[in-house]
Each structure stands twice: as C-alpha cells, then as structure tokens.
Amino acid sequence: MTQPRPRLSQPKRTVSIIGTGSYLPEKILTNAELEKTVETSDEWITTRTGIRERRIAAEGETTSDLASKAALSAMENAGITADEIDLIIVATITPDMFFPSTACFVQTKIGAKHAACFDVSAACAGFLYALEIAQQFITSHTYDTILVIGAEKLSSIVDWTDRNTCVLFGDGAGAAVLRHRGGTHGVISTYMASDGGLSDILYIPGGGSRFPITKDNADQRLNCIKMNGKETYKHAVISMLDAANRALADANLKASDLACIIPHQANLRIIEAIADRMKVPMERFMINLDRYGNTSAGAVAIALDEANRTGRMKEGDYILLVVFGGGLTWASSVIQW
C-alpha cells in the first residue's frame, strides 16, 4: 500500500504543463457520409457549425482506450514514466461504465500503479475543471506529478436519427502532464462557474437513477444527447466571454497579451462571436473543429496538444483556454507556457 504523503509546511508551488498528448480514432465520418443517413447536407453543416468531418471510435474501442493512448503520448512528450504519476484525473461524460472510474482503467493500461484515480463529470468544461483540481493538489504539495485527460466516445451517446445533434459530435482524447517547474508561472489564473438551473438546455435525460433505461422506454433514446441549439449558442457566447475576461483580469493581462487562445471546439460561429467581442483576430485562435467536431471534454485538450506540437506558442507566451458545456458549466485558464 502506498504510504500517505506528509503535508509540507512550505509555500504554494507554481504549476506548469510539462507535456501534452492526444489521440483521434482512425475512422473519419464526413458530412457527405452523413447526408446518406439523415436529412442534412455538407453545405448546411459547414455553414452553421464549421464542421466538415469527425472521428468515430472503432467497434470495441472504449473511452479508456482513447484516454490511454493520449496519456502515453503526453507522457512521452513530458519525458516521464508511469511510475512517476501520482494522480490520474479523467474528465468524461462517456465513461467505460458507471464504476470503476475510467481513470482506474487508464491506470492499468498505462502501468501507473502508484497513482490515485478518479473521474470528473463537467461535460465540455471537464478538462479545465480537472486542470484546476490538479493544480490544487500540486500547489498544496499533496502530489508532484498529475496526469489530466479529457476523453470522450460521444458516438456511443449520439442519436444518429437527430440531424440537429448527430452532425456535431466526434470521439477523441487529449492529455496533459502537470508538475511544478521552477522559474515559471505556469497556470496563472483559473475561473470555473455553473448554472444547474439551465441543465435542460444540454443534457442526457435517461440512463441514471432518475430515468433508468428499461424495456418499456428503450426505444425513446433517453440515453442520447438532447440539446436546445439556440439557447446553447447564446449562453456559450456570454459565458465563455465572461470567463475569459475574468481569468485575464485575475492574471492582470489584456487580450492583446495573448499569443494563442484555445476555445472549446463546438461551433465556429461561437468562436467568431467571442473573437469579435474580445477584439482579437481569428488568426490567434486555435481551431480544429472542422476536422474533429465537438469532442466534449476532449476538445480543448486535443487542441492544446495540436497547438503545442505545431509551435503555436513558445516558452514564456501567455495562452488562454476557455470552455463551455452541459450543466451548464464553463471555465477558463490563463497559462504562461
């Protein structure tokens, strides 16, 4: 059994992202292919969302499989071994099963036998929620090295007969390794918020204790995503803009100081509206939703890894991550790279 760590009477530590990784399934589902199964068109999807294709997990490929592959990529990027990981947090709304946690399955698959494990459920905001939780464990000297993963197999909860939602979502995972790194600020400020009174805008009604799936309701697709698109759009723009401004204010920075903004990858129109209100050119936003669609908790983590590996930010640059999801939940984080 792992011995408990003594709490050290030392000042809080800074927290940096020392490595990132991601994984996308091989199968590509294009808008043209969706035209064959639901009443939609490539033009309709592209003009309203910016999405052209998305990735779909293979048969038998689980959320923990996606998460583990992203984790191994992040570990390699960070230059760490599985034995160094103290804690694994997986943000997901598509766990392998209700319990054990998906993080426990990841632990076994990557060989991180010394790590504590748990999941976070905050929909599309989950990765940033997990990032903030991890930061608290490191600043308090509870843990030294934490693996944070956002992973989703949304194809398993999409109603493929609903053209308003099935065109939006895809599968994938992103991961980050967090650790104190002397001489850098790392995570400077974070902001999290929720409004449970608006939970009926974006949700899955069935499958839990309120509406268990039975033989009498199995045909009603209660375990699939339901969304009020107009209301989701409105609240996403307002909430993400507010979260971005709050995190920037806490960091004593302006939008013009940012080298890169990594938003939730749900809808290009939402990102354009935020860019317009922040008065930041679109060129400074990291966007990959055209290729992957909305991967919920995985989205900002996948985009972060892509931005890292393509040189969108260099050491010392300020970046902003900002997300919005069901709950409603939203969050932001300003990081010095």
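The values are calculated or read from the model by the stated rules, or taken from the named source; none is laboratory data. Values in this document were obtained by computation on a predicted structure and should not be read as measured data. Reconstructed Cβ throughout: ideal geometry from the backbone, glycine too, with neighbour counts over all protein chains shown.
In the set Thr40, Thr49, Thr30, Thr94, only one residue is surrounded by 15 or more Cβ atoms within 10 Å (Cβ to Cβ), within 18 Å of Gln265 (Cα to Cα), out of contact with any Ser or Thr (no Cβ under 8 Å at 6 or more places or on another chain) and not assigned by TED's automatic domain parsing to the domain that holds Tyr233; that residue is Thr49.
Within the stretch 70-83, is there a residue that is without any contact (Cβ under 8 Å) to a residue 40 or more places away in the chain and touching a Ser or Thr at 6+ places or on another chain (Cβ under 9 Å)? No, that holds for no residue.
Residue under question is Ile225, and the condition is that it be touching a Phe, Trp or Tyr at 6+ places or on another chain (Cβ under 8 Å) and within 26 Å of Tyr292 (Cβ to Cβ); does it hold? Judged against the criteria, Ile225 is a match.
Inside the stretch 197-222, residues that are among the polar types (S, T, N, Q) and touching a residue at least 60 places away in the same chain (Cβ under 8 Å) make up a count of 1.
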